[in-house]
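Reading through the structure tokens given below for one structure.
Every number in this text was worked out from the coordinates using simple rules, so none of it is lab data. Not measured: the values here are computed from a predicted model. Please note: Cβ atoms are built from the backbone with ideal geometry, for glycine as well, and neighbour counts cover all protein chains shown.
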Amino acid sequence: MSRLYIKSSLTGALLEVASSKEVICAYEEIKKNFPGIELTVFGAKDASSLRRSHRTLDTSHIVKTVPEFIAALPNHAFKIIETQKVVEMGKSLGIGFPKSIVDLLNILPGDEIEFKIKNNQIILSKKGERDKEGIKMLNETLAEHDRVFKNLKDR
């Protein structure tokens, strides 16, 4: 099965999708949030054949979701989508998330958000997204090498 890849000159990341329907949705989502961004779409059987046919592409930064692709964009690519007023919430301060951001990042009630401070900027990210992917990869690796691990245990 062939794969489709979206690339921007602003980032080294490649967004990999499985179907033309997915590439259209991803392309439209990225363009909606970054109207001036230039995107290129490539097709290939897999990353190694993509690397052979487009030698200048770095296939070491392949991402699987639009939010990961957007996160790889440099700061100057970002636009202010909306501004929000800080409001009192009990003894704390709070802001509401604009619908455009909620939809883009698929934020749901109960999701945990991490706050990071970098260069006097607040960076928010959904907690656990990387953890879920890491656990999935670990489980796949364990399943793939189960026999080898069992033999090591029996030594």
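Below are the figures for this structure:
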quantity	calculated
³J(HN,Hα), Karplus 6.51/-1.76/1.60, whole Hz, each residue of region 25-32, x for Gly, Pro	4, 5, 4, 5, 5, 5, 5, 5
Listed peptides 108-120, 23-35 by packing density, highest first (mean Cβ within 10 Å)	23-35, 108-120
Spin-label model distance (nm) - S60 vs K21, 7 Å beyond Cα toward Cβ	3.6
Among 97-103, 87-93, the order from most to least packed when residues are scored by Cβ within 10 Å on average	97-103, 87-93
Pairwise label distance in nanometres, F115 with L10, each label 7 Å out on the Cα-Cβ vector	2.7
Full-extension gain in nm, K85 to E28, via 0.36 nm per residue minus C-alpha separation	17.6 nm
Calculated from backbone phi, Karplus (6.51, -1.76, 1.60) coupling profile of region 107-121 in Hz, x at Gly/Pro	7, 10, x, x, 5, 9, 10, 8, 10, 10, 10, 9, 6, 6, 10
